[in-house]
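Written out below as structure tokens is the structure these notes cover.
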Amino acid sequence: MADFKHRPHKRRRLNSPQRVEDDEIIPPPFKWATNRPATVHTLNYLRDNNIRFICGEVQCKKCNARYKIHHNLQRKFSEIRSFVIENVESFNQRAPTEWMNPKLPDCKECKKVDSMKPVISPEKSSINWLFLLLGNLLGCCTLEQLKYFCKHTQQHRTGAKDRVLFAVYVTLCKQLEPEGPFVVPTY
């Protein structure tokens, strides 16, 4: 018989999704946001509560002028919904160029074209996710901010920015329209 040394039994870590605290509750940063981080209310809830416009702030990269922009919720979401449904097969679970490099609004003050970046809160729990979605401005977020979103919506958050950004777009669409045709990617 071979002489075996007793080694303490090592527990193997199973590949399980990272868990998010189920009880993490925050004050809703906007009337269209829930009390859960990175989560917005459904379209039905927003309609029932007469929330028709989503606003957010933008700032010029050149002259620093700031403005509030209002997006018509129904119209803008309808555009995004149609774009996703028509093109999702060609995306290959990666954000298209127009999401990665969004067209920014023009500055009314200095007339600079493509210069108004969204003002994104440094406090990640206060990011205006719905405004960024409706303005097709989620690509202005850093990878760290996008990973924060994925962490709190229990999505896979490793990989290139185009994959994480795709997951954020589709997850937000699914939050707005839970019974809709959106399939959140699994990696």
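The values are calculated or read from the model by the stated rules, or taken from the named source; none is laboratory data. Since the structure is predicted, the reported quantities are computational estimates derived from the model, not experimental observations. For neighbour counting, all protein chains shown are included, and Cβ atoms are generated from backbone atoms with ideal geometry for every residue, glycine included. These accessible areas exclude ligands, DNA and RNA; they are computed on the full protein's heavy atoms, side chains included. Shrake-Rupley method; radii C 1.70, N 1.55, O 1.52, S 1.80 Å.
Does C107 satisfy the condition of being in contact with a strand residue (DSSP E or B) (Cβ under 6 Å, 6 or more places away or on another chain), farther than 25 Å from S78 by Cα and touching a residue at least 24 places away in the same chain (Cβ under 8 Å)? Here the answer is yes, as C107 does meet what is asked. Output the residues belonging to region 41-68 that are surrounded by 16 or more Cβ atoms within 10 Å (Cβ to Cβ), among the hydrophobic types (A, V, I, L, M, F, W, C), in a strand (DSSP E or B) and in contact with a Phe, Trp or Tyr (Cβ under 8 Å, 6 or more places away or on another chain). Hits for region 41-68 are I54, V58. When region 28-40 is limited to residues that are surrounded by 13 or more Cβ atoms within 10 Å (Cβ to Cβ) and without any contact (Cβ under 8 Å) to a residue 40 or more places away in the chain, the one that is farthest from R75 (Cα to Cα) turns out to be P28. Within region 144-169, the set of residues being open to solvent by less than 20 Å² (accessible area, probe 1.4 Å) and either more than 21 Å from I25 (Cβ to Cβ) or assigned to a loop (DSSP other than H, G, I, E, B) (or both) comprises L146, V164, L165, F166, A167, V168, Y169. Give the residue that is surrounded by the fewest Cβ atoms within 10 Å (Cβ to Cβ), with candidates limited to residues of region 86-111 that are assigned to a loop (DSSP other than H, G, I, E, B) and under 16 Å from the mean Cα position of the chain (by Cα). Among residues in region 86-111 that are assigned to a loop (DSSP other than H, G, I, E, B) and under 16 Å from the mean Cα position of the chain (by Cα), the one surrounded by the fewest Cβ atoms within 10 Å (Cβ to Cβ) is N101.
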